[in-house]
1. Within the set of pairs 6+ apart or on separate chains, which have a first residue in the stretch 56-68 that is buried (at least 19 other Cβ atoms within 10 Å of the Cβ), a second that is among the hydroxyl-bearing types (Ser, Thr, Tyr) and assigned to a helix (DSSP H, G or I), and C-beta atoms under 7 Å apart?
2. Could you please tell me which pairs satisfy a Cβ distance under 8 Å, a separation of 6+ or placement on different chains, a first residue in the stretch 184-203 that is farther than 20 Å from Tyr265 by Cβ, and a second residue that is at pLDDT 95 or above and surrounded by fewer than 13 Cβ atoms within 10 Å (Cβ to Cβ)?
3. Is it the case, given these coordinates, that Ala226 is buried (at least 19 other Cβ atoms within 10 Å of the Cβ) and closer than 20 Å to Gln58 by Cα?
4. Identify the residue in the stretch 238-271 that is more than 20 Å from the chain's Cα centre (by Cα), at negative phi and of a type in the set (A, V, I, L, M, F, W, C) and, among all such residues, is least open to solvent (accessible area, probe 1.4 Å).
5. Could you check Gln234 against (1) free of Cβ contacts under 8 Å to residues at least 40 places away in the same chain; (2) under 19 Å from Tyr29 (Cβ atoms) and say which number it fails?
6. All but one of (1) at pLDDT 85 or above; (2) open to solvent by less than 40 Å² (accessible area, probe 1.4 Å) hold for Ile21; which doesn't?
7. Is there any pair linking a residue in the stretch 144-157 that is modelled with pLDDT under 85 to one that is buried (at least 17 other Cβ atoms within 10 Å of the Cβ) and of a type in the set (Val, Ile, Thr), with Cβ under 6 Å and at least six apart or on different chains, and which?
8. In the stretch 171-185, what residues are open to solvent by less than 40 Å² (accessible area, probe 1.4 Å), on the phi < 0 side of the Ramachandran plot and of a type outside the set (Phe, Trp, Tyr)?
Amino acid sequence: MRSQIDQAREAAENQKPDKWIERLARFGYAAKGIVYILVGVLAFQAAFNWGGQVTGSQGAFRTIASQPFGNVLLFLVAVGLVGYVVWRLVQTIYDPEHTGNDAKNIGRRIGYLISGIIYGGLAFAAFRIVFSNGSSSGGGGSSSQGLVAKVLAQPFGQWLVGTAGALVIGYGFYCFYKAVTTKFRRKLKLYEMSQKEEKWAVRIGRFGLVARGVVSIIIGYFLIQAATASDPSQARTTEGALQTIQQQPFGAWLMGLVALGLIAYGIHLGVQARYRKISP
């Protein structure tokens, strides 16, 4: 008979996700981080008139495509985003992290599914730019407003858009919660970091999550406005949220601060790519 240790080791191995899923997930976190870093850098430059521009994910894609070998780089980012989508779907269907089946964790898994759908759309947009040689037109704002218009045209469309706005605001406050409690530390292999690396990973992660939360709350607010007025032009993306910040008193400084936060969030995703506990 095999020893209990051998049986336990075999059971643990059977619980681990396939290596290709783990690699795709890490590649996905890295690709997502690159997009946020680029959005943050461009917004920071625009805040102080240093030649950048206020843009969202699709604007970042076009910026990547405009660089030498840009289509190759953007293709890799798109593949990475597909990897992130695959990981989100695995989290939704198989619950590899064993979050459970109570109401709270079912809600979290639904959130994973929604995240997968959103980033699937972004991956598609990136591939479209790649295969149109960077000439794809249409900003993220116009495409999102088109989607909101389609939803508003459906039965109970205003309720659906309003609910989406409330969920996005809820996600923004959840980002604040994670920043305050540093719960994200539980999913990192802190034992592989030095003390200094852990300290900076936590600081950068908290700053990034706060900025991500601010942007989400603004996006959610405008979705609710679009639902209330039944006007899709009220909807905003990350680009619109940053522009709203820019229009406030001391807007350049506020947007510069949020832009730095988005860069921090991108670095936080890079830390996730390297140190996140992908295996259960």
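The values are calculated or read from the model by the stated rules, or taken from the named source; none is laboratory data. No experiment lies behind these values; they were computed from the predicted model shown. Heads up, the Cβs are rebuilt from the backbone with ideal geometry, glycines too, and the neighbour counts pull from every protein chain shown. To get the accessible areas, we keep the full protein, side chains included, count just its heavy atoms, and leave off ligands, DNA and RNA. Shrake-Rupley method; radii C 1.70, N 1.55, O 1.52, S 1.80 Å.
1. Here the result reads Gly56/Thr238; Ser57/Thr238, each pair linking the stretch 56-68 to a residue that is among the hydroxyl-bearing types (Ser, Thr, Tyr) and assigned to a helix (DSSP H, G or I).
2. Cβ pairs passing all conditions: none.
3. On the way: buried (at least 19 other Cβ atoms within 10 Å of the Cβ): yes; closer than 20 Å to Gln58 by Cα: no.
Spelling it out, it is not the case that Ala226 is buried (at least 19 other Cβ atoms within 10 Å of the Cβ) and closer than 20 Å to Gln58 by Cα.
4. Ala252
5. The single condition Gln234 does not satisfy is (2).
6. Single failed check for Ile21: (1).
7. Ser144/Thr237
8. Result: Gly172, Cys175, Ala179.
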